[in-house]
Amino acid sequence: MENFTFYSPTKFVFGKGTENEAGKLIKAFGGSRVLIHYGGGSVVRSGLLDRVKASLEAEDLDYVELGGVKPNPRSGLVYEGIDLVRRNGIDFILAVGGGSAIDSSKAIAAGSVYEGDFWDFYCGKPILKALPVGTVLTIAAAGSEGSGDSVITKEEGMFKRGASGEGIRPRFSILNPELTETLPPYQTACGITDIMAHLYERYLTNSKDVEVTDRLIEALLITMKNEGPKVIADPNNYEARANIMWAGTMAHTNSCGVGRSQDWNSHNIEHELSALYDCAHGAGLAVTMPAVFKYVMKHDEARFAQVAKRVWGVDTAEEGIEAFRSFLISIGMPSTLGELGGKEEDIPTLVKNLCYGDGRDGTISGFVTLNEDDCTKIYKNMI
Ligand code: NZQ
Ligand code: ZN
């Protein structure tokens, strides 16, 4: 196991009705003027936004609202948010929604206390300082509620890139599994896929003797394998929703990724798909992961065979990858580039953006270092 520091100071408040505590939590973390940031309207339609606003009003907190975050959140709204924060003297940002609303909130939080262009953070500058962010999560998926990461798409060039830093880890996150019951089945399945991807990205390691984190990841993967189909069959299964929601958070706080190298090639390869085709991140991952895993399997077949046996109950590396692919299809996920709207003739563009976009040197590295030729073959394998 490698040396590590683990610091994950987010306060998680979990369970039914917890969104009504938003106002009290903001006050406890020193907020007085709040930006409530949300997506395309699901939180308006479900009545959640009204409940959250009532909880702020009960604590005499001032707020302004900014909705309209799109899935695969864009830089344009971040600039708008930064301007709004500065003009209104906002000192706390509350994201109400999924990974997109949370990531856009984090970008605004970092950008509004930075003199330069917020995009600098998405080109590698670590985020050390930001306004405090809290979240009310409505979809178990991205894990942004417990992560120090944010992913934004720059409209010029449609580059989708991530930024990281302790400054943007949420101060608190409210996790009420009931709020996820209004999700369309497809979005639920995208969330399940993303959670499993965050586990696999950590499982694919070159570090030795990482038994504790291997076992934690396997436990979470088994949970997802068992609970996922239950919520697809019955969207109102609270207990299954609850298990998935906490698994999603644990999958990405990095508690099961410490002390080991990690992969993230599938995420990087997928981000080009959701940037170009505006597909859901989870759906893109469902197509990407089996193609990547098959391509890199020989690098450490024993590792793939281990997860195959322990999680999927099959013997070989290849059977494990196939079992995972079949599982994803069974919950309603796509398995080919075409289903995402992708075309073979786009592959050179995807590869160019992936390997050279925003200052990359022609390769992406993780479990295995991949060059242009490798990435071309992987995208072709998705056809
Ligand atoms: O926009 P609204 O109207 O709210 O609708 C959303 C959106 O259309 C809908 N939705 C969310 N909760 C709902 C609901 N509909 C009905 N009932 C509810 N309770 O679902 C759609 C997807 O929402 P979004 O926030 O985009 O989903 P997700 O949480 O999967 O976030 C995806 C984004 O997170 C990034 C992805 O790349 C993508 O841009 N990621 C962020 C990470 C991080 N910050 O740590 C890590 C991840 O790997 C990922 O890359
Ligand atoms: Zn992800």
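Okay, here's what the table says:
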| item | result |
| --- | --- |
| Wholly within the range 245-332, helices (runs of 4 or more DSSP H) carrying at least 3 residues that are open to solvent by 30 Å² or more (accessible area, probe 1.4 Å) and away from ligand 1 (no atom under 16 Å from the Cβ) | 301-307, 317-330 |
| Residues (part of a loop (DSSP other than H, G, I, E, B), under 19 Å from ARG169 (Cβ atoms) and either open to solvent by 40 Å² or more (accessible area, probe 1.4 Å) or in contact with a strand residue (DSSP E or B) (Cβ under 6 Å, 6 or more places away or on another chain) (or both)) located in the range 1-23 | PHE4, THR5, PHE6, TYR7, PRO9, THR10 |
| Residues within the range 61-73 that are in a strand (DSSP E or B) and surrounded by fewer than 19 Cβ atoms within 10 Å (Cβ to Cβ), tallied | 3 |
| Members of the range 338-355 that are under 23 Å from the mean Cα position of the chain (by Cα) and either of a type in the set (Ser, Thr, Tyr) or open to solvent by 90 Å² or more (accessible area, probe 1.4 Å) (or both) | GLU339 |
| Residues being small (Gly, Ala, Ser) and either outside the structural domain of ALA283 (by TED's automatic domain parsing) or assigned to a helix (DSSP H, G or I) (or both) - total across the range 191-212 | 2 |
| Residues satisfying the stated conditions in the range 128-167, i.e. in contact with a strand residue (DSSP E or B) (Cβ under 6 Å, 6 or more places away or on another chain), more than 9 Å from ligand 1 (Cβ to nearest atom) and within 20 Å of GLY31 (Cβ to Cβ) | LEU131, PRO132, VAL133, GLY134, THR135, VAL136 |
| All strands (runs of 3 or more DSSP E) inside the range 85-190 with 2 or more residues being away from ligand 2 (no atom under 16 Å from the Cβ) | 92-97, 133-137, 172-175 |
| Qualifying residue in the range 76-97 (condition: of a type in the set (Ser, Thr, Tyr) and within 15 Å of ligand 1 (Cβ to nearest atom)) | no |
| Subset tally (residues that are farther than 12 Å from LEU354 by Cβ and more than 11 Å from ligand 2 (Cβ to nearest atom)) for the range 267-282 | 3 |
| In the range 118-167, the residues that are at positive phi and either surrounded by fewer than 22 Cβ atoms within 10 Å (Cβ to Cβ) or in the same structural domain as VAL231 (by TED's automatic domain parsing) (or both) | GLY124, GLY157, MET158, GLY165 |
| Residue check for ARG325: within 21 Å of MET224 (Cβ to Cβ), in contact (Cβ under 8 Å) with a residue 60 or more places away in the chain and charged (D, E, K, R) | no |
| Scope the range 168-187; condition closer than 17 Å to GLY40 by Cα and surrounded by 23 or more Cβ atoms within 10 Å (Cβ to Cβ); matching residues | LEU179, THR180 |
| Search result, residues across the range 167-185 that are of a type outside the set (S, T, N, Q) and within 16 Å of the chain's Cα centre (by Cα) | ILE168, ARG169, PRO170, LEU175 |
| Tabulated pairs, the range 92-107, first open to solvent by 10 Å² or more (accessible area, probe 1.4 Å), second modelled with pLDDT of 95 or more and assigned to a strand (DSSP E or B), C-beta under 7 angstrom, 6+ apart or interchain | ASP103/SER150; ASP103/VAL151; ASP103/ILE152 |
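The values are calculated or read from the model by the stated rules, or taken from the named source; none is laboratory data. What you are looking at is a predicted structure, and each value in this text was computed from that prediction instead of being measured. Every residue, glycine as well, gets a Cβ built from its backbone with ideal geometry; the counts of neighbours run over all protein chains shown. Side chains are part of the model used for accessible areas, which takes the heavy atoms of the whole protein and leaves out ligands, DNA and RNA. Shrake-Rupley method; radii C 1.70, N 1.55, O 1.52, S 1.80 Å.
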